[in-house]
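**Student:** Encoded as structure tokens, here's the structure I'll be asking about.
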Amino acid sequence: MLEFLDKSFAEPLRRLMALLGDVLPSLFGVLTILVLGGAIAYLIRQVTYRFLNLVKFDRMVAGTALGTAIESARVFRSASDCGARLVQGFVWLFIILLALSASGTPLTEDLVSRFVAYVPDLITAALVLLLASAISKFLARSALLAAVNAQWPAARLIAGGVRVLVMSLGVVVALEQLRIGRTALLVAFAILFAGIVIAGAIAFGLGARDLVHEWLRAKSKPEPGEKEEILRHL
Amino acid sequence: MDSFISKELLGRMQEIGSAEIVVGIPSYNNARTIGHVVRAASAGLAKYFPQRKSVIVNSDGGSKDGTCDVVLAAEHDTDALLLVPHRVNPIQRISTPYHGLPGKGSAFRTIFAVAKQLQAKACVVVDSDLRSITPQWIELLAAPILERDFDFIAPFYLRHKYDGTITNSIIYPITRSLFGKSVRQPIGGDFGISGKLAARYLEKEVWETDVARFGVDIWLTLTAIAEGFKIGQSYLGAKLHDAKDPGADLSSMFRQVVSSVFGLMETYESFWQAANGSTPLPLFGFPFEVGVEPVAVNVERMIKAYTQAVSDLREIYQSFLAPETLDALMACARESGDAFRFPDRLWVHTVGEFAAAFHSRKMDREHLLQSLVPLYLGRTASFVMEVRESNAREVEARIEQLCQVFETEKPYLIQRWRADIRKEKSNVGIPG
């Protein structure tokens, strides 16, 4: 009976205790890293925010493409807030990797090493997207202002087209960097881009035929009675 | 010597030694008109300053039409033309390419450097496309400096009521209401400058900015005012010049001039915020009535530009204009044809809010100024319709009325100018 009890309960219990004895310190270590790391990340965010305010970071980036991108995203309260949260994000990433590494299992170690190897690609892709967002916004606004000052009726459409095109290019480059659906993505983008160009050419050819005709006629010979503006602004 | 002065020019200046008067003529492809300007300047120097050693300097931006040859070849028979004896000191002429950013400002820098090197007492600058310049212009611009110790003489012209719209709607009112001096033509282009002031201009580090382009005229004027130099005006009659400035479209011209003004508002912030009211300036010369060239204006096109901008650029305007200003701009856009009006107070608030946004860098400055162009066209259209039936005196009274609104609303401009910066300073609380 005693032998039966030992085999049925005591032995598995000993094995469980031994297993827990192996795992618990690692688990405790992981939890400690996460709790302490979280507090440190929060503190680092506060310090970074104060520092960025001190050096007038908001004013430095105001009006630049980066500042405009941060403002238009409407996620952060200010550029300093964005910077501080970005730093906090990086600290959190480091803490999570540290915690996974501290667990010491082959699976997590493999996961960590693969992730670490992937980090440069992730950073590059994120930067590409951020840059594409800023550039697309800037170019779209430039196109909008130029089109409005030239009094083109479809100014907003042109600006939207510029933004979509530049952003699409950014997304393709970012995904290419992350090695996600490389071939399919490139083919899809090429088809889309070629389609836009052909559609634009056809639309312009058909829709603007009269406009171009009028424009060329006006350029070559002014309408009788049409007054040329000679306003001297200065 | 400065790096922008070529060896050839330096050698030529060493040959000449010194001069009391330097007449500078900036040019770029002005072969058709510059001969007349050089002849007028030569005649003016010969008639009014026969005993003073003088030099005419053409600072050229790389003309391809033989402008420099015309300058050196332009002749006049002084004795026959002006009935004066042959002068003791022949007038020297220099034609030299300038270095730096292409534009009038870079041309002026070279002229000022020549004036400084030759220790000139007076430096007169005149545009190369003038058709109405007479020899007396040289006297009117140089004599107050040589004989009455003035440092800066601005031109005072008679112009058609639709001419000089940037001057009338922005530049003159700002110069007057903010900087406190009634310089009627702050960007006239033809100035008399003392040797001392020319040397002071050269010391400034602005020659790689928009000042080097179209913004130089207003920069010269406002710098002279803000730095306390003695300023006057000379009545020159009508200003007739080439209708279009080659290569200068409205957007870039407007951007450079207004950017210079807003930039100077930053440079001399404490000066203009402390200045109260405005004082008239001494006017030299004999005012006379003269016919001016009519100017054709396409009002419909300007209103169309304004209406489109208020609709298409609404999001841009929303980011820095006060809600009530934007609402008022939208309300104006709902009127069309002869009913369209852009009230003075709204215009003053709009300009002030753009200046404040420029100051606080709320968005890219070039974009900001580009977005002001269609609003300016709307304001111009409104002005043109208001004064369609008015004579010159009534138009001047209308401009005076606008200037008074600028002066009355100056506290609002100051408040907006300071508010945006204060908002940034207060934004230091830590978000949760």
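**Student:** Just the number please: accessible area per residue for chain B, 1.4 Å probe, all protein chains included, in Å².
**Tutor:** Using a 1.4 Å probe on heavy atoms only, each residue of chain B averages 39 Å².
**Student:** Okay, moving on. Note down the nm distance, to one decimal, between modelled labels 7 Å out along Cα→Cβ at A:Ile96 and at A:Ala146.
**Tutor:** 4.1 nm
**Student:** Ignoring the sites themselves, what is the longest stretch of chain B with no GluC sites (Glu not before Pro) in a DSSP loop and at most 11 other beta-carbon atoms within 10 Å?
**Tutor:** Longest site-free region, per DSSP loop and neighbour criteria: B:76-204.
**Student:** Full-extension gain between B:Gln415 and B:Arg398, please, as 0.36 nm times their residue separation minus the C-alpha to C-alpha distance.
**Tutor:** Roughly 3.5 nm would be gained on extension.
**Student:** Further, regarding this structure: For segment B:292-363, max minus min Cα coordinate along each principal axis, in Å, sorted largest first?
**Tutor:** Between the extreme Cα coordinates on each principal axis of segment B:292-363 lie 41, 30, 21 Å.
**Student:** Sticking with this structure for a sec: Enter the per residue convex hull volume of chain A, computed from alpha-carbon coordinates, in Å³ rounded to the nearest integer. Before the final figure, lay out each step's value.
**Tutor:** On the way: hull volume 50.2 nm³, N = 234.
Hull volume over Cα atoms, normalised by residue count, gives 215 Å³.
**Student:** Going through the DSSP H helices of chain A, which span 20 Å or more along their own axis at the Cα atoms while scoring at least 0.0 as a mean Kyte-Doolittle hydropathy?
**Tutor:** A:11-54, A:79-103, A:106-149, A:155-177, A:182-207
**Student:** Average projected area of the Cα convex hull of the protein assembly as shown, in nm²?
**Tutor:** Dividing the Cα hull surface by four gives the mean projection, 42.1 nm².
**Student:** Express the relative contact order of chain A as a whole percentage, based on alpha carbon pairs under 8 Å and six or more residues apart in sequence.
**Tutor:** Contact order relative to length: 16 percent.
**Student:** Dipole of chain B, Cα-centred, from +1 at each Lys and Arg C-beta and -1 at each Asp and Glu C-beta, to the nearest 20 debye?
**Tutor:** 540 debye
**Student:** Right, something else. Treat every Asp and Glu Cβ in the protein assembly as shown as -1 and every Lys and Arg Cβ as +1, leave all other atoms uncharged, and give the resulting dipole magnitude about the Cα centre to the nearest 20 debye. Don't skip to the answer; put the middle values down first.
**Tutor:** Working: 71 positive and 68 negative charges, 123 e Å.
That gives a dipole near 600 debye.
**Student:** Please give the per residue accessible area of segment A:115-156, computed with a probe of 1.4 Å over protein heavy atoms only, in Å².
**Tutor:** 51 Å²
**Student:** Shape call for segment A:1-104 from the C-alpha gyration tensor, a ≥ b ≥ c root eigenvalues: rounded (a/c under 1.5), prolate (a/b greater than b/c) or oblate?
**Tutor:** prolate
**Student:** Tell me the label-point distance for the pair A:Arg182, B:Asn391, using the 7 Å Cα-to-Cβ offset, in nm and rounded to one decimal.
**Tutor:** Calculated label separation equals 8.3 nm.
**Student:** Restricting to DSSP H runs of at least four residues, report the calculated mean residue ellipticity at 222 nm for chain A, -39500 (n - 2.57) per run over all residues, nearest 500 deg cm²/dmol.
**Tutor:** Helix-only estimate at 222 nm: -28500 deg cm²/dmol.
**Student:** In this model, which of A:Lys56/B:Lys362; B:Lys181/B:Lys204; B:Lys53/B:Lys239; B:Lys161/B:Lys196; A:Lys137/B:Lys304; B:Lys104/B:Lys239 are farther than 24 Å apart at the alpha-carbon?
**Tutor:** B:Lys53/B:Lys239; B:Lys161/B:Lys196; A:Lys137/B:Lys304
**Student:** Moving on to the next point. Starting from one equal scatterer on each C-alpha and no solvent at all, send me the Debye-based log10 I(q)/I(0) for segment B:268-402 at q = 0.16, 0.20 Å⁻¹, two decimals.
**Tutor:** -0.96, -1.21
**Student:** Follow-up. Measure nothing fancy, just the Cα-based angle from helix B:365-386's long axis to the longest principal axis of chain B, in degrees from 0 to 90, nearest 10.
**Tutor:** Long axis of B:365-386 versus the principal axis of chain B: about 90 degrees.
**Student:** Which whole-number value in Å³ per residue fits the convex hull of the alpha carbons of segment B:156-244?
**Tutor:** 112 Å³
**Student:** Can you give the % of DSSP beta bridges in chain B that are antiparallel, to the nearest 5?
**Tutor:** 20 percent
**Student:** Computed on alpha carbon atoms, what radius of gyration and Dmax characterise chain B, expressed in Å?
**Tutor:** Radius of gyration, then largest Cα-Cα span, for chain B: 22.5, 86 Å.
**Student:** Using a 1.4 angstrom probe on protein heavy atoms only, which residues from segment B:150-184 are buried by at least 30 Å² of accessible area when all chains are present rather than their own chain alone?
**Tutor:** When all protein chains are present, B:Asp163 each give up 30 Å² or more of accessible surface.
**Student:** A follow-up question, please. Thinking of segment B:76-234 as a set of Cα atoms, what percent of all their pairs are more than 24 Å apart?
**Tutor:** That tail contains 36 percent of the Cα-Cα pairs.
**Student:** Shifting gears a bit: In segment B:302-346, what residues drop by 40 Å² or more in accessible surface going from the chain by itself to the full protein assembly, probe 1.4 Å?
**Tutor:** Buried on complex formation: B:Gln308, B:Asp312, B:Leu313, B:Ile316.
**Student:** Moving to a separate point now. Summed for both chains, how many Å² of accessible area, to the nearest 100, are buried between B and A with a 1.4 Å probe?
**Tutor:** Using a 1.4 Å probe on protein heavy atoms, the buried area is about 3900 Å².
**Student:** Counting DSSP beta bridges with both partners in the protein assembly as shown, what percentage is antiparallel, nearest 5?
**Tutor:** Percentage antiparallel, nearest 5: 20.
**Student:** Quantify, in whole percent, the carbon and sulfur part of the accessible surface of the protein assembly as shown (1.4 Å probe; protein heavy atoms only).
**Tutor:** Accessible surface attributable to carbon and sulfur in the protein assembly as shown totals 62 percent.
**Student:** Only protein chains counted, 1.4 angstrom probe. Which residues of segment A:117-161 are at least 40 Å² less accessible in the assembly than when their chain is isolated?
**Tutor:** The answer is A:Arg141, A:Leu145, A:Val148, A:Asn149, A:Gln151, A:Arg156 - residues whose exposure falls by at least 40 Å² when every protein chain is included.
The values are calculated or read from the model by the stated rules, or taken from the named source; none is laboratory data. Bear in mind the structure is a predicted one, so any value in this text is a computation, not a measurement. Using ideal geometry, Cβ is built from the backbone for each residue, glycine included, and neighbour counts are taken over all protein chains shown. Heads up: the accessible areas ignore ligands, DNA and RNA and are worked out on the full protein's heavy atoms, side chains in. Shrake-Rupley method; radii C 1.70, N 1.55, O 1.52, S 1.80 Å.
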